[in-house]
Each structure stands twice: as structure tokens, then as C-alpha cells.
């Protein structure tokens, strides 16, 4: 992979064939650099990543939570859009672009695959991080859903009607059961927050570099379109509207990926903040001592984890 693409880049630069107005070609070569950077940086972290992933009991945590079908469906849609539909849209638009811009003798399916491969490979680590965020958001949402039910029941047990209806022993036993549930939720919350933060250590530089390349590619594409429009009106050069539209759609894909990563990151932050808001809704005036201790410990954990 490295030899093939580096030789192509060197050959085009040395022969003067490289065209700075060819946005997709330059964007492809920028993603080659991302691929090589990912390979070098991830190679030394391979054993760390394997140990980290083996230490995460993901399915055990997911099985222990009551996750609604709506949340699962939303996570599935996010993953499908990011991992399947975005590359598919880019591939289709790339075929249309190259069939229009290249001659029949120059364009083949291999040409499209050669251009598309670095875009797919360079995005794999980002997809892993995106999937980790989706799973973290899924778990936080399930924890908050369970926590909301505990808040309602705990506050109801302290209402005047319930205090007159039930004996102190029953209320104490029920508060102990709720404390056990709350303690379990606190462990899952802390585990998910710490593991998802640690996972970022393996992907942080790749994420930053990939976002930088996407922003550079989008900026370069917009600038080249501006030059093409200016040449059309000033120098009366021909302007291919179809080619311009296809290029805009192609460049919209990395922008959409940036938006999706930002959106799922924001949703995850909202869920972590909602956990703190739900803990503040507890009425602890007539609660059991152990229940108060668990609520305060959970609240301290949420505050101290700088998610």
C-alpha cells in the first residue's frame, strides 16, 4: 500500500503531472498520509489495544441493562450512516466524477477503487472511536432511564401518604434495595466513562489528523470551485455544472461525518450531565442513611469524572 501510493505521488510530482486543481486526487493523497500515520502510531499500541479491549466486558454490561428498542435503533442508524452509507455515497459520486472528467481509455473501475481505498482505510480508526461513542451513549441513556425510575420511587416512598401507609422497616428494606441498584448503576456509569475516555487515548491523534485533512479537503474543494466560477465569468472558460455538483456531493460526505461525530459526542455529554441532574432530584430528607451515602457517592463520582 505504502510503496504503491508513495510511488504514484513521487511519479506525479517529478513528472509535473500532479494537478492542484484536482481536488479529489489531492484529497486522496492526503488520506494516504493519514493511513501511513495511523499504521505507524497504531503499530506500537497493538498490544495495549488488545489488552484494553479484552478487559472490557461489553456484552455483560449491555445484558445487565434494560435498553429500549428505540435507543438501539437510533444507535444502529448512526452506525449504518457512518460506516456504510457515507462511503457508499462517496464511491458513487466518485464514479460519476471520474467518468465525466476522464476519457474512456483512462477510466476503469480499478481507477475508482485506487482513489477510494485510502479514504476507506484512513477512516477505520475514526469508525472505531465513533462506534465506542455510540455504545457509551447507549449505556449512559440506559443508566439514566433506570436512574429516573429509582428517583421516582425513592421520592414517592418519602411522601406523607406512603410514610403513613408503610412501616419504617419496609421503607428501610426498600431503600436498601434501591441503594444496591443505585450502587450498581454507579459502577456501570464509572466503568463506561473511564473506559470510553481511555479509548480516546488510542485514537486521539488519528481523529485530529483526519478531521484536519477533511477540513483541508473541503476548503480546497470550495476554493477550486470558486476559481472555476471566476475563470468562467472572467476568462470565459467552460464550466461543467454537473461535475461541480458531483464534487460538492463528494466533499459533503466528510463534512457529514464531522457533523455526525460532533452530534454523537454532544449527545453523550448531554447524557452524562443528565445523570447529575437526576441525582439532584432525590429528596433525601427521610431517606435511609445508606441510601443517602450511595446517592452522595454517585454524585461525587459524576462530578469528579471530567467527561
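Considering only region 63-72, state which residues are farther than 13 Å from residue 146 by Cβ and surrounded by 10 or more Cβ atoms within 10 Å (Cβ to Cβ).
Residue satisfying the conditions is 72 alone.
Which of the residues belonging to region 196-243 are touching a residue at least 24 places away in the same chain (Cβ under 8 Å) and not in a helix (DSSP H, G or I)?
The one that is touching a residue at least 24 places away in the same chain (Cβ under 8 Å) and not in a helix (DSSP H, G or I): 240.
With respect to residue 111, is the statement that it is closer than 21 Å to residue 251 by Cβ, touching a residue at least 60 places away in the same chain (Cβ under 8 Å) and in contact with a helix residue (DSSP H, G or I) (Cβ under 7 Å, 6 or more places away or on another chain) true? Break it down stepwise before answering.
On the way: closer than 21 Å to residue 251 by Cβ: yes; touching a residue at least 60 places away in the same chain (Cβ under 8 Å): no; in contact with a helix residue (DSSP H, G or I) (Cβ under 7 Å, 6 or more places away or on another chain): yes.
So residue 111 fails the test.
Could you tell me which of the residues 82, 60 is closer than 30 Å to residue 223 by Cβ and either in a helix (DSSP H, G or I) or under 18 Å from the mean Cα position of the chain (by Cα) (or both)?
Answer to the check: 82.
Scan region 93-107 and tell me whether some residue there is surrounded by 16 or more Cβ atoms within 10 Å (Cβ to Cβ), under 12 Å from the mean Cα position of the chain (by Cα) and touching a residue at least 12 places away in the same chain (Cβ under 8 Å).
No, region 93-107 has no match at all.
Residue check: is residue 89 free of Cβ contacts under 8 Å to residues at least 60 places away in the same chain and either closer than 27 Å to residue 112 by Cβ or part of a helix (DSSP H, G or I) (or both)?
Details: free of Cβ contacts under 8 Å to residues at least 60 places away in the same chain: no; either closer than 27 Å to residue 112 by Cβ or part of a helix (DSSP H, G or I) (or both): yes.
In short, no.
Do you know which of the residues in region 159-172 that are part of a helix (DSSP H, G or I) and surrounded by 13 or more Cβ atoms within 10 Å (Cβ to Cβ) is modelled with the lowest pLDDT?
163
The values are calculated or read from the model by the stated rules, or taken from the named source; none is laboratory data. None of the values given here were measured: they were computed from a predicted structure. Glycine gets a Cβ as well: all are built from the backbone with ideal geometry, and neighbour counts include every protein chain shown.
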